[in-house]
């Protein structure tokens, strides 16, 4: 103890010493603006003390630098007294005067005071006076004064001393913003300056010339052509040229076979002796549009050399560039993997993180385990923000290689248990959520890891999220009972918010697993006397619901309704209830359940689309679901869940006095997506648009429902009793009309639906075409009363034919292990044949076209064709109506004349389904 | 890379002490004009870089859409910042020009105390290094000469110096080189 105190004592003494050192040595200790302004009076002395004036100016500049500001009068005062210092012949003082004039930046009416002094310096014999006077004058000048000094500036551009020339050129760069015309007149001089022997002058002249011509594309292109052949040695100037070149390249439309313009120049720059130029050229090549792997090769090799440089900045730049390549062309940088693995242990954590995320992008399946081992060492000693980047990269990797989910999810759950802030934990939990949603096999282990995590989770938000997920996903797992313990523990141990979430989750197990219901009820009874209102309310509600369920044993589809509703629907129905008449009790039966809704919505998440897949399919379906009124009609619930929703086009033919206008089929999706929804709007036009009809096809296990959504857009008319009569005009007899639901009244400005329902023979896959006639009663509105007239007249219009297509029977699904699934289907139900597609631009185009036609989900990233390959195989997976799996292997080949041939092999549980795939192909 | 400016544009050049307080700074970025923003930037930059060792080779860090190269010498920290699509090596050359010319002018004694005592020289280095975001000069020898107004005294250019003056200047240069 004694020793300790002595050490402490001596330390504090030392500390005080240091403090007093500081006080003694810092020339700005206790500096105060008022005092310094007082001191500045020495500028007015008749006998100037140059050294002292310099010190005072430094103090003033110090104050500016620390963020102190001068008031207007203070600034004026300082400025006026500073101008007196031009009398002094001391060059160092003069240099400080230049600096402070720029800093104080006098107002335009004060500038005139120094102009003459500065003009005199501009004509001085001393180069440094000239250059500085130019810079000061240009930085404080206005457009009027510029005319007076222009002649000098023009001359200065070609001054033999680099400092003067640079000063004029850089000032020119700034002046462009004030008066571009004057600077443009110097073009000849600037051109001459480009050929100067001094590197900085070259650089500045080049920048200025480019800036002047920037808006003129042709001039830039000409300049670039001239520059690439000139002999400019300054590295900075060469970097600029590379930038201009890549700008020109990006603006030229690439032609198919011709080599990219200027590529030779860029490649030549890779052999420059300055690293700066090499690196700039490599970056330019990487950023070329649609760069091929052959073009990338030389750039990758120089970057690979940089990876093992001793300079951290160089290593960082190289790994950052390689990371960028890996986003689009992971195959091109696999050669660098070994070098990058060394960088994982780099001192600079930015470099290490970039190296890891790059490796995660380029790594192949076999290297994942090794990589994970290295990362787990590294991850513990970096900051959270880097960890989040790593977690996101792992998530993408996992979606790319679903087989490896075990290793990767294990890794994620390990780091989940380590120390970390909220953002980091949330990133991990989000990633696990995403993996669970997209990889069915990962669901069980993922949920187990998450439920272990909430045992010891300090973040209420995350616990609630996880409990919600357990509630929605847990009941469908093989062994739901094991999660109940985890969830109930939360009820016992946590705060109110988490307890409430836990109770909701428990109740879902009770609702969906009849076997567990009594046990869940027992647990819920215990919560009825919770201290928190919300928890108690939830417990009471769920106990009620579950008791009712166990009494009636209602079938499974209704039990969904007990626990969850689509929130948007619930909100809007409640809202309309409150705004309308509230006499009758509110009925919840019109609100559709969320699980029904979400089944189609959660397809592939956005992350997958980043990894190169396309998520727009799920978005389309959910959007057409949103538009559909089918689900709000309870009648259809007996048909079971919807297999697939397809939009079909229907169009109304012109009739007597109605003018006709129809828009072309609007592709709701981007051209490259696998599944296209065509939807055309049909508009009657008299003087305005009268009504609008869209058709949506809903496929059920044994029914087909055509929904016609109608909107009345004219106020002077009421359309009532709307129905559509459909007649099959093409196709074999496999549908029998069941019933029609007519729409009482076509709402104004909103959509109402009428339905035509067909019974479908199960196991028959046929296409059909229907003619459709819209029948309705039309009533005019009496403009005097605003009421519709009593008597209406019946009317009908022929709509465009509606198709039921073969592809409507297939729905894309994602599977994790194609090979395993393929082998599990018997060879007997295999069907294969060859097709000749004809001339295509490349395999990628052919692959996209076939995916478009079949409308199934490409698996394991096989929809991306490596550049320049002559053959490719794409794996597709889907589900046929009746929930039977369909797997398709397509092999593409390309001959010298760009003719594409393909072989399609389909397997499924039944031979006729495999044949369906071929029917789809041969039909299109 | 969308908006390729005509030449590299520097956002700021900073000289902070070992506690992250500013010694001499210069901002060229019009998005960061208020002192509050500047101080916040300096603070977060300091916190991000303090744990790394940039004593031997200059280091680099990326944050908030900026790329920053930096170097620590004794108890002063040098930083150069630009947009994150910039070429790191160009920034490095600016940073090198910065600390090398400060080191030249302070005769190798780069520490907070001497920097403050010669703050005028450091401010002039900043002025000669970058002008309104445009790189003006990166050669430390050239910058040091321009800062000390070599050849400007008595209105006679270098070539017209008297023999004695030339000797004196040469002697000074030699002794400086020896000291370094």
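Coordinate-derived values only; no laboratory data. These figures come from a predicted structure and were not determined experimentally. Neighbour counts are summed over all protein chains in view; Cβ atoms, including those assigned to glycine, are modelled from backbone coordinates with ideal geometry.
Some points to look at:
- FRET efficiency, 1/(1 + (r/R0)^6) with R0 45 Å, evaluated for residue A:716 and residue A:873 via beta carbons: 0.15
- Prolate/oblate/rounded call for the range A:250-369, Cα gyration tensor, a/c under 1.5 rounded: oblate
- Distance in nm between pseudo-label sites at residue A:191 and residue A:105 (7 Å out along the Cβ direction from Cα): 3.6
- Approximate spin-label separation residue B:55-residue A:139, in nm, with each point projected 7 Å along Cα-to-Cβ: 3.6
- FRET efficiency, 1/(1 + (r/R0)^6) with R0 35 Å, evaluated for residue A:377 and residue A:444 via beta carbons: 0.80
- You can think of it this way: the chain between residue A:725 and residue A:823 has 30.6 nm of extra reach, that is 0.36 nm per residue less the Cα-Cα gap.
- Prolate/oblate/rounded label for the range B:10-148 (Cα gyration tensor, a/c 1.5): rounded
- In this rough spin-label picture, where each label sits 7 Å from Cα along the Cβ direction, the residue A:733-residue A:796 distance is 2.2 nm.
- The length gained by stretching the chain between residue A:456 and residue A:915 to full extension, at 0.36 nm per residue less their Cα-Cα distance, is 159.9 nm.
- The eigenvalues of the Cα gyration tensor, multiplied by 5 and square-rooted, give the range A:808-923 an equivalent ellipsoid with semi-axes of 24, 15, 12 Å from largest to smallest.
- Label zone of residue A:310 (point 7 Å out along Cα→Cβ, amide N under 16 Å): in the range B:59-98 this covers B:59.
- Amide N of the range A:497-533 lying under 20 Å from the label point, which is placed 7 angstrom from the Cα of residue A:540 along Cα→Cβ: A:497-508, A:521-533
- Cα shape, the range A:31-144, gyration tensor, a/c 1.5 rule: oblate
- Additional length obtainable on full extension of the chain from residue A:899 to residue A:267, 0.36 nm per residue less Cα span: 224.2 nm
- Cβ-derived FRET efficiency at R0 25 Å, residue A:177 paired with residue A:35, nearest 0.05: 0.05
- Label zone at residue A:89 (point 7 Å along Cα-to-Cβ), backbone N below 20 Å, the range A:114-130: A:117-130
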